[in-house]
Each structure stands twice: as C-alpha cells, then as structure tokens.
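A short worksheet on the structure shown next.
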Amino acid sequence: MERGAPGDTARAWRTGKEAMLPPHSAPGSDADWLALEAEVCSHGDTVHYARQPRFFARSHGSYLYDNRDTPYLDLQMWYSAVNLGYGNERVNAAVARQLGTLPQLAPQYLHYERVELAARLVDGTRRAFGAAGRVHFDVGGSQAVEDALKLVRLRTGRQRVYAFEGGYHGRTLGASAITSAYRYREPFGEFGDRAEFVPFPYCFRCPYGKRRETCELYCVAQIERKFEHPYTGAWSSRTGRSEFAAFVVEPVQGTGGYVVPPPGYFERLARLCREHGMLLVDDEVQMGFYRTGRLWALEHFDAQPDVVAFGKALTNGLNPLSGIWAREELIGPDAFPPGTTHSTFAANPLGTAAGLEVMKIFEERDYALAVERKGSYLLELLRDLARAHPEIGDVDGLGLALRLEICQADGYTPNQELADAMFQRGLAGDLRIGGRELGLVLDIGGYYKNVITLAPSLDIADEDLELARDLLDLVLIECKQSDR
Ligand SMILES: Cc1ncc(COP(=O)(O)O)c(C=O)c1O
C-alpha cells in the first residue's frame, strides 16, 4: 500500500520556487514524508517524543498497519480513546448515517442525537452514583476540564483547588494549572491559579515510605490533618469553609502511570470534601467508558462526585466530542444559565451520533463482566512475565487499565532507558514471532517515565492478549541484550 509522496514538491517548496501543493501522485517513501513533516509541521506536540516518528496507513480492531501492511498490536488504543476497537462497524455506521442526514449544525440549534446522548449519560451516571444531574458537551478533554473549573468557580466563588502529584488534566492554560508537572507550565510564565498538589496513593513507591498492609491510609490522613485545626492554612474555623473550592482527581492516574489507589482512599477523601464545602471533580477523560470495567472508574471506590469530566472514548475516538456531567444544583438552568460557556463544535452532530452508538453498545453488552475477565487474564499473563524478568518491578491494574513498571534488575530503581527502548523497539515493526513480522504500540507514563501503561481494546481477543505477553517478552529480551 505505497502512497504518493512529496518528493519533488517538498524539494521545490524548500527552495521557495513553487507554491506548496498537496502531494498525491508521485511514488515515495516514508523518508520523503518525514522530510516534509520536519519542515511543515510544528514539533510542539508529542510526535517527536519518538526518535523515529512512524506513519500508519490503516487500522482495524486491535491493530494499526504501516504502508507495508505490517500489523502493529496496539496496547494503548490512542490513550484509551478507542475502547471499542479501530473501525468499529456499528459506530462507523452511525456516523455514516449522520453524514447522510444532518452532519453539520450550529450549537444553538437542537438535534435528536444530542438530547438522546445526554439522556443516556445522565441515566448511566444516575445508576453509577445515585444522583440527578445534567450534561454539557465540549470539544476535547482539556476543554471539558476548563468548563468543570468554570462550574466550580461559579458555584463557590473560589478558584483555588487541590489536585494530585502525578495528575494530568490537559494542556490548555487552566488544565495545565492543575496538572502537577511544572515542565508543562515552565515556559509560559506565572500561573496564579496553580493547584495545591498533594501526594497520590502510589503504593508501589509510597511517598511516605509506608506499606499498604499496615499504613491505615496514612496518606489520606495527611490530607485530613489539614482540617484538624485552622492553622494549617486550609480552612476557616469560623465558617468551617475551606479556602479550596474543589479537589480535582483522576480515580486511577492515567499519564501518571495507571496507578490504582487502595480501597477506602476515595471514600475518606470524598467525605472530607463534603464536610468542608469542597466539590469533588472526577476527571474520567482517560479512565471513563468502561476502561476499568465501569462506566466511571470512581464507581469502584465508594465515592460520589459533584462533577465528572469525560472525553476520549465517548465517540470511540472518532470525534473530539467531550463533556461534563454535574449535579443538578450545580448545572441546572438557574446555576448555569445560557451562554455561561460555548464552543462552535461542542455537541456537533457527527460526534453525538458516534457517542450515542457507543452508549448503546455499552448498554447492550455486559462490559463490566467482559472487562473484568479480560483484565484478570492479562494481569495473570503479565505476572507470569514479571516472574521471568526481574526488571518488571510492579504489575497492577483495574479492568483493562494495566501497568508494568520497568526498573533496574533490583526490581525497584526506575529504568526509564529500558522502558524507552521497549517503546522504540515495538515501533520498529520488525518483531519476529511465529513466522510473522509484527510491531507493538506501547505508551510510556509514570512519574519516572518508566511505566508501560496498557489500555488494549475492550474487545481484544484472548489470543491477542497472549500475543501481547509474547511480544512484551520478546521486546524485553532484545532490549536487555542490546543494553549489554
Ligand atoms: C485524565 C485526563 N484529563 C484530561 C486530558 C486532556 O484531554 P485532551 O488531550 O483531549 O485535551 C487527558 C488527556 O490525556 C487525560 O488523560
């Protein structure tokens, strides 16, 4: 499946002799395309994290294919945006139907899919948390987070929030202010509304040096301690009110390395928020839509949110539609009146048609059961793998959000180089297994950039889970050998 390449067009453009034309006919290689990309695309996104960025030509199910039609098993599915597999026929057909009827509509008018999708999300959230609420649509996860923050300010009149070390909420200005990594903010001046960051319960590397079996949730006790007396600077003993308007959480940290909190943690944190007038904002952009085996990951933890932000897998990655759900008292018409926020492409009909089909699929099949079964099987395979490789320091997961923490041979010291080598090796697309040539799509997260975060398709076949184990094994063996 060779594709037309820029060739002469790129060269002519570089010498400034000819206007840039869309390349379409001349035969060429990915090297030509890379040369053109290097000149015309900004490098400000994440493409150039890879030493050798890779083009893909098509996708299907759990696989991406390059221009030689080599299959790459994708264990990250666009950071958990494509939960129902590439080219899902039902979701694609829903979008095609919408294309043929009402593909475009300005957001001040209504279409049926928008209302039905909102109704299904409201219903699913009511079943999850027992609360009545409404949905507001946005574009992209970061904007949903921005609007969640607007809602918090509108409700409380306050702007300071707590968030977690290792948390990731997006790259717009407001979302960067509550994302812990300073490097995302550093080039852009002062962020007066920067969150107060507290440690997440990352038990493999407990920030307090405790052990999960005996700690009695010391980490949440440290947050509770801020509200024991008024001299911690967190609250007023006169009104009982916190200076902080909200706590923004990821129930399972995504970019932070698929860190699963211990039972009981969020229950106590939610109680603390309730008692001190802080809203609990649940960022489900990465873990929502059954990634962990529930519509919302927070459902595992016996805590009720006030606001839920969602995106990514809502449309199976076909459209950047996102949104927020909030309790009625926060988002009803009196609290959140017309024009409070707006975006041209929010609630776009192609996105709502895709989202509606995704919700129907989740309602028709028992994904809670399927994800739990597949997740336990993959966890078991990965634990086997860890027995053969002491460099895998931690294996954990919830549903089909799993982590492999890559370390030195001591099983603890973070080994970013080996994790990165595994990522690059998978992308080379020439892993030989069972007489086949394959690639492997991985993503690296974690505080030390040493965690392989696994988010396979929720519909992945059992034999592909076994292939995932074999490919990870092969990549580890090869990367360790080449390191010697
Ligand atoms: C938890 C979480 N929140 C927000 C975002 C931002 O979403 P987007 O990249 O669509 O702006 C992400 C993206 O990875 C995320 O994982």
Output for the range 313-343, where each listed residue is within 11 Å of the ligand (Cβ to nearest atom) and open to solvent by 60 Å² or more (accessible area, probe 1.4 Å)
Pro320
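With the structure loaded, tell me whether Thr179 is assigned by TED's automatic domain parsing to the domain that holds Gly351, within 16 Å of the ligand (Cβ to nearest atom) and crowded, with 20+ Cβ neighbours inside 10 Å or whether it fails that test.
On the way: assigned by TED's automatic domain parsing to the domain that holds Gly351: yes; within 16 Å of the ligand (Cβ to nearest atom): yes; crowded, with 20+ Cβ neighbours inside 10 Å: yes.
Yes, satisfied.
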So, in the range 396-423, of the ones that are surrounded by fewer than 17 Cβ atoms within 10 Å (Cβ to Cβ) and not in a loop (DSSP other than H, G, I, E, B), which residue ends up nearest to the chain's Cα centre (by Cα)?
Gln416
Subset of the range 443-484 (residues that are open to solvent by 10 Å² or more (accessible area, probe 1.4 Å), among the aliphatic types (A, V, I, L, M) and assigned to a loop (DSSP other than H, G, I, E, B))
Ala461
Filtering the range 24-48 for residues that are surrounded by 12 or more Cβ atoms within 10 Å (Cβ to Cβ) and in contact with a strand residue (DSSP E or B) (Cβ under 9 Å, 6 or more places away or on another chain) leaves a count of 2
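Confirm whether Leu431 is within 30 Å of Ala57 (Cβ to Cβ) and either surrounded by 18 or more Cβ atoms within 10 Å (Cβ to Cβ) or touching a residue at least 24 places away in the same chain (Cβ under 8 Å) (or both).
Details: within 30 Å of Ala57 (Cβ to Cβ): yes; either surrounded by 18 or more Cβ atoms within 10 Å (Cβ to Cβ) or touching a residue at least 24 places away in the same chain (Cβ under 8 Å) (or both): yes.
So Leu431 passes the test.
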Tell me, which helices (runs of 4 or more DSSP H) wholly within the range 277-395 include 3 or more residues that are of a type in the set (Val, Ile, Thr)?
349-364
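Looking only at residues in the range 101-154 that are basic (Lys, Arg) and away from the ligand (no atom under 16 Å from the Cβ), which one is most open to solvent (accessible area, probe 1.4 Å)?
The residue in question is Arg127.
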Look at Phe244 and say whether it is part of a helix (DSSP H, G or I), of a type in the set (A, V, I, L, M, F, W, C) and touching a strand residue (DSSP E or B) at 6+ places or on another chain (Cβ under 7 Å).
no
Please verify whether Val91 is surrounded by 22 or more Cβ atoms within 10 Å (Cβ to Cβ), more than 16 Å from the ligand (Cβ to nearest atom), in a helix (DSSP H, G or I) and touching a residue at least 40 places away in the same chain (Cβ under 8 Å), treating the condition exactly as stated.
yes
Among the residues of the range 36-57, the number that are part of a helix (DSSP H, G or I) and over 23 Å from Tyr72 (Cβ atoms) is 2
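The values are calculated or read from the model by the stated rules, or taken from the named source; none is laboratory data. The structure presented is a predicted model; accordingly, all values stated were derived computationally and were not measured. Note: ideal-geometry Cβ built from the backbone for every residue, glycine included; neighbour counts use all protein chains shown. Areas reflect the complete protein model, heavy atoms only, side chains present, ligands, DNA and RNA absent. Shrake-Rupley method; radii C 1.70, N 1.55, O 1.52, S 1.80 Å.
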